[in-house]
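Below is one structure, written out as structure tokens, with a few remarks after it.
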Amino acid sequence: MTNQYVNPLNGRYASKEMLQIFSADNKFSTWRKLWVALAVAEKELGLPITEEQIAQMRAHIDDIDYDKAAEYEKKFKHDVMAHVHTYGDAAPKAKAIIHLGATSAYVGDNADMIMYRQGLRLVHDKALVLIERMKDFALKYADVPTLGYTHFQPAQLTTVGKRASLWLYDLVLDMEQIRFTLEGFRLLGVKGTTGTQASFMSLFENDEEKVMALEKSVERQMGFEGSFAVTGQTYPRKFDARILYCLSDIAQSLHKCATDIRLLQHLKEVEEPFGKSQIGSSAMAYKRNPMKCERICSLARLVLTNAINPQLTASVQWFERTLDDSANRRISIPEAFLATDAILNLAINVFEGLVVNEKVIENHIRQELPFMLTENMIMESVKQGADRQEVHERIRVLSMEAAEQVKVYGKENDLLARIAKDDLLKLSEAQLHAMTDPTLYTGRSANQVREFIDSQVLPLLKDRKNTPPIEQPRV
């Protein structure tokens, strides 16, 4: 509806796959699957539940009457009970046993863990796609010299590929945390109102073995290997903080990477992809703004701030449960997933078409390299018999003069010409020219890239099974 607020993450940024994971259909059909799993487990363990009741529940997992659920919620002021009654109306023979022994957190928390695991798996798979694109870029430009920058001031040379490997390694480290967290996913289980399983003990006449078997059956049916060992009514909210820490990791890495690209685009050394008919500015027709990388940074800050919410929520959960987590979690956690999904899609798109302007890079090196060679010049002059201290002072003076030509008069850096003419320094033009090959000053950059990719990146990619659909970012 055009007269109501619509979250831009839905309409502009997140992919259909991530939106589906956090959709009402996925959430409430998962609730119904959990109710089926509970009924199946209770029947297996001897409660008077029939196959007909379970069959009717299964037949209505997906046909959710949202209008009826809204009417019930308006009446009951309780979302879970609204859906219990809506499900009971669709499966009337099972109405009496739906949600038997359970509390709201049984469907709410277990469904959340299922959805969050689906979401983090999608993030994992898209991050692998991005890692592959970055890997290709780093290898392609592993040997191309470029100015390194410390404090955003020209420093020793590196290579374009080596710089990309820094971005890539951040993501490799992020994947370690994501995989660790995915391995730790578990269900709340069937714990009851305060986590004691008292209601289920009552159902099974204090047979602890059956209560334990009930939980294992639900875990197995829902595709999990375990539940949290001890809980109150809800699973530990600290786990939400762990999940969003993973998303924050991705946001940190891509904010840094996108910022670097934005700065390099200002220098005209690299450019993010720009569509043939794309408009950079409504006023300045020549503009090619790094809008994709700007959007990555913008959305990344949303993820970083949302990641604080689960930390704050976990710290104020009173005793066995309180409800001040609910509204916050409904917003902050899905938004963090949707925004992370969006920045991954954007970053994949950027690295599929990132342009490197090698001639611009060469020109920047040419402007700065003479200053960086001064220590080598001192060594060569001393070999020719000059006094080290006198040479140092002479080169210092000549460097200041050359810098003045560049900064004050806008001329080319003529330091090498000045040094070649200086009798004290005793360096010929041939000697100086031999020193100006940029590849002499990139250290082990190129081999570091290849060694890093062989040892760290390829093993990460080797067990990649599926490539998730990657939507083109929407403007």
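The values are calculated or read from the model by the stated rules, or taken from the named source; none is laboratory data. Because the structure is predicted, anything quoted here is derived from the model rather than measured. Cβ atoms come from the backbone with ideal geometry, glycine included; neighbour counts cover every protein chain shown.
Summary of computed values
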read-out	value
Residue in the range 332-344 that is out of contact with any helix residue (DSSP H, G or I) (no Cβ under 9 Å at 6 or more places or on another chain), among the β-branched types (Val, Ile, Thr) and touching a residue at least 40 places away in the same chain (Cβ under 8 Å) present	no
Out of 366, 388, 329, 321, sole residue that is among the basic types (Lys, Arg), over 17 Å from the mean Cα position of the chain (by Cα) and either within 22 Å of residue 149 (Cα to Cα) or crowded, with 21+ Cβ neighbours inside 10 Å (or both)	366
Those residues of the range 32-49 which are without any contact (Cβ under 8 Å) to a residue 24 or more places away in the chain and closer than 23 Å to residue 222 by Cβ, in sequence order	43
Members of the range 211-239 that are under 22 Å from residue 329 (Cα atoms) and either of a type in the set (Gly, Ala, Ser) or out of contact with any Ser or Thr (no Cβ under 7 Å at 6 or more places or on another chain) (or both)	227, 228, 230, 231, 232, 234, 235, 236, 238, 239
Residues located in the range 323-338, provided they are touching a Ser or Thr at 6+ places or on another chain (Cβ under 9 Å) and not basic (Lys, Arg)	324, 325, 328, 332, 336, 338
Helices (runs of 4 or more DSSP H) wholly inside the range 359-422 that include at least 3 residues being closer than 21 Å to residue 153 by Cβ and either free of Cβ contacts under 8 Å to residues at least 12 places away in the same chain or of a type outside the set (Asp, Glu) (or both)	374-383, 388-407
Test: residue in the range 417-425 that is touching a helix residue (DSSP H, G or I) at 6+ places or on another chain (Cβ under 7 Å), among the hydrophobic types (A, V, I, L, M, F, W, C) and closer than 22 Å to residue 361 by Cα	no
Candidates 352, 358 - the one that is under 30 Å from residue 12 (Cα atoms), of a type in the set (Asp, Glu) and in contact with a helix residue (DSSP H, G or I) (Cβ under 9 Å, 6 or more places away or on another chain)	352
The range 437-452 - residue that is free of Cβ contacts under 8 Å to residues at least 60 places away in the same chain and in a helix (DSSP H, G or I) and, of those, farthest from residue 365 (Cα to Cα)	451
Boolean, residue 72 is under 25 Å from residue 325 (Cα atoms) and at pLDDT below 95	no
Residue, surrounded by the fewest Cβ atoms within 10 Å (Cβ to Cβ), within the range 46-90, restricted to residues that are of a type in the set (Phe, Trp, Tyr) and more than 36 Å from the chain's Cα centre (by Cα)	76
Every residue from the range 286-318 that is under 18 Å from residue 240 (Cβ atoms) and surrounded by fewer than 20 Cβ atoms within 10 Å (Cβ to Cβ)	304, 305, 308, 311, 312, 314, 315, 316, 317, 318
All positions within the range 6-26 that are in a helix (DSSP H, G or I) and either touching a Leu at 6+ places or on another chain (Cβ under 9 Å) or among the small types (Gly, Ala, Ser) (or both)	9, 10, 11, 13, 17, 18, 19, 21, 24
